[in-house]
Structure formats: C-alpha cells, structure tokens
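Participant: Mind having a look at this structure? Questions to follow.
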Amino acid sequence: MDGLKRLRIARNGYILVSISFYIAGVLLFLLPQISPAAVCAAGGTVLVVYGVIKVIGYWSDDLYCLAFQYDLAHGLLLSIVGVLLLVCGPRLEPCLTPGLGILVLLDGLLTVQTTRDAKAFGLERWTWMLALATTACVLGVLIIAVPLQDALGARYLAGAALIAVGAMKHFVIKSTVQLSRRT
C-alpha cells in the first residue's frame, strides 16, 4: 500500500473515529445508565480501530507531517488498551473513568505540541487547534482529579470529553492533512 493510499485511509479513518466520539459523547448524555459491559465493548472496539488508524497514519505521506507525528506509539497504546477493554471488560470498570481522563489528557497534550508545530509552519488555524486541545486537556484533568461520587455526573463529564476530543481530532485532520485532487 503506497503512502498516499495510507494517507487517505488515515484521514478518512480519523474523521470516522471523530464522528464515533461525537456519537459516544451524545449517547453518554442521552443514556447515562448504559452498562459497563456495553461501554467496554464499544470503547474497546473504537480504541482498537483508532489505534490501527493512527499507526497507518504514521506511515502515510502527510505533507506537513503534523497530524500523525506521534501516532506510532500512541496508536499502539490505544490498540493495547482497546484489546484489554474487550478481553477484561467490566472487571476494568473502576478504571474506566480515570483511564478515559488519562487518554483525553494525553491526546490533548500531544495536540498542543502539534499546534506549536502548526504555528511554526504558518498554518492560520493553529489558535483554534490550541483552543480545542486546551479544552480536551482541561476535561481530561477534571475527569482524573475531580472525584465525582455521582456516576451520572461522571458520565456527563466523560460525554463532554469525548465530544471535545472528537472535535479536536476532526479539526486537526481537516486543518493539517491535505489530499491532492488526484487522490
């Protein structure tokens, strides 16, 4: 598979994963009583797919090399976490919320670094990327640091974080990854 084909797969995959984050976030708002087993199955599947897309993106021919620059290790980590969720399921329930916070914070911090590089490249929309990354980081820290005794509150915060990460990833891909008209 050539680099441009990998780039197209990664770009479209990122957009689909972003949409799945939007949907998951909205579902946590609308169906906060969803079972931990369903969360683990859906979350594990999305993380494995997201991890594979990140690894494909890392090996693609991206013009700026911004969106995918940290994706080899990050993609492998997400795939491993996804497999753990699929295999261990609800036994990991106590780790779900803080684990999500850590992944959201990590994704936000890596995007902050990407934003710095985007600014150096002269990309005009770097400030929006920074705002979205900062929002994701704040939500990730809140998920980790604020002990919500109320499971409903934790689900709403997790839903907001998933929507924020979806928006951040969607915006970064649309802003930094350019496909030629031929691809």
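Rule-based calculations on the coordinates, nothing more; no lab input. For clarity, every value in this text was computed on a predicted model and none was experimentally measured. Every residue, glycine as well, gets a Cβ built from its backbone with ideal geometry; the counts of neighbours run over all protein chains shown.
Participant: Normalised by the number of residues in the chain, what is the relative contact order in percent for Cα pairs under 8 Å and 6+ residues apart?
Facilitator: 33 percent
Participant: Right, next: If I model a spin label at I102 and Y22 as a point 7 Å from the Cα along the Cα→Cβ vector, what separation in nanometres do I get?
Facilitator: Each label point lies 7 Å from its Cα, and together they span 3.0 nm.
Participant: A further question follows. Each label point is 7 Å from the Cα along the Cα-to-Cβ direction; what then is the distance between the points at R116 and L31, in nm?
Facilitator: So the two model labels end up 4.1 nm from each other.
Participant: Return the distance in nm (one decimal) between the two label points of a simple spin-label model at A131 and W59, each offset 7 Å from Cα along Cα→Cβ.
Facilitator: 3.8 nm
Participant: Rounded, prolate or oblate for the chain? Axes are the square roots of the Cα gyration tensor eigenvalues, ordered a ≥ b ≥ c, and the cut-off for rounded is a/c under 1.5.
Facilitator: Prolate, since a/c reaches 1.5 and a/b exceeds b/c.
Participant: By how many nm would the segment from E124 to R91 lengthen if fully extended, with 0.36 nm per residue of separation less the alpha-carbon distance?
Facilitator: Separation in residues times 0.36 nm, less the Cα-Cα distance, equals 7.4 nm.
Participant: Kyte-Doolittle cut-off 0.0, length cut-off 30 Å along the helix's own axis using Cα: show which whole DSSP H helices in the chain pass.
Facilitator: Going by DSSP H runs, the hits are 3-30, 36-58, 93-121, 151-176.
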